[in-house]
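The values are calculated or read from the model by the stated rules, or taken from the named source; none is laboratory data. A quick note: this is a predicted structure, and the numbers were derived from the prediction, not measured. Methodologically, a virtual Cβ is constructed for each residue, glycine included, from the backbone with ideal geometry; neighbour enumeration extends over all protein chains shown. Side chains included, ligands, DNA and RNA excluded: accessible areas come from the protein's heavy atoms. Shrake-Rupley method; radii C 1.70, N 1.55, O 1.52, S 1.80 Å.
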Amino acid sequence: MANEVIPYIEMCRREGLSLQRGMNFSRGIGHSVILMSRRRNAPYRDTLEDEGSTLIYEGHDAPRSQACPNPKLLDQPEHGPSGALTENGRFHRAAQEYRQGLRAAEIVRVYEKLHQGIWSYNGAFQLVDSWQEEDDHRQVFKFKLIAVEGEPDMDESSPRSLPRRRMIPTAVKLEVWRRDKGRCVMCGATDELHFDHDLPYSLGGTSLTAQNVQLLCARHNLQKGDKLL
């Protein structure tokens, strides 16, 4: 469920991957996985647009090595030393094939780092575009992903356009996490937490202010949902 707070170990178990890299193109699991961060010390410039419904995700650098001690001085690679596509290259190819009508949009699950070992599941996205641009005198990849309703269990027959949704901005999540002390506001639980809209977006609530977002455990989040039906 989008806006779920999830420990890193549980995130890896759920995806069946050791998520050591920020970009993980589909490996037979039906979707890709991206790790993002918009914290002050984040190494890449990920941004949100369209009131949180669009993620512009920056590609990743070549691995640091003896031959490449400062990857930030090099263009982000599309191909590795062997000529095979990097993760940048795989995502770029998928985005361009989608734009050309050659494939359905790649479904991507996005997780966002909040604190060491603590992540927020930002939900499912469609990868709809990619490009390269100049950044600090080098070329970087940019990927455009649209936040959509539902989970990535859709096959190739899925419609190309799915209902959009809006992410809760990082600054709001961090403010809510500090204010609520990482606990459910109803019972004080510290596990199975979710960022919950006090007034749901469907009823006119907003994701853009901490005043309308709170931490709820799964049980109280479910109870609240039942009352709104």
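Values as computed for the structure displayed
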read-out	value
No Cys partner within the rule (Cβ under 4.7 Å), the chain	12, 68, 187
Size of the stretch 6-71 as Cα extents on the principal axes (Å, biggest first)	35, 32, 22
Prolate/oblate/rounded call for the chain, Cα gyration tensor, a/c under 1.5 rounded	prolate
For the stretch 1-128, share of DSSP beta bridges that run antiparallel, in % to the nearest 5	80
Candidate lysines for bridging to residue 72, where Cα separation is under 22 Å - those fewer than 8 sequence places away on the same chain excluded	113, 142, 144
The chain, helix-only ellipticity at 222 nm - DSSP H runs n ≥ 4, -39,500 (n - 2.57), divided by all residues, nearest 500	-5500 deg cm²/dmol
Carbon + sulfur, % of accessible area of the stretch 5-125 - ligands and nucleic acids excluded, 1.4 Å	50
Sequence ranges 73-81, 122-130, ranked by mean other-Cβ count within 10 angstrom, highest first	122-130, 73-81
Two-decimal Rg/Rh across the stretch 65-128, once Rg and the Kirkwood Rh are taken from alpha-carbon atoms	1.08
Mean accessible surface per residue for the chain, computed with a 1.4 Å probe while every protein chain stays in place, in Å²	53
Local electrostatic count at residue 73 - Lys and Arg +1, Asp and Glu -1, tallied over other residues with Cβ under 10 Å	-1
Protection proxy ranking of 187-197, 213-223 - average other beta-carbon atoms within 10 Å, highest first	213-223, 187-197
The stretch 167-229: C-alpha gyration tensor shape, a/c 1.5 cut-off, then a/b vs b/c	oblate
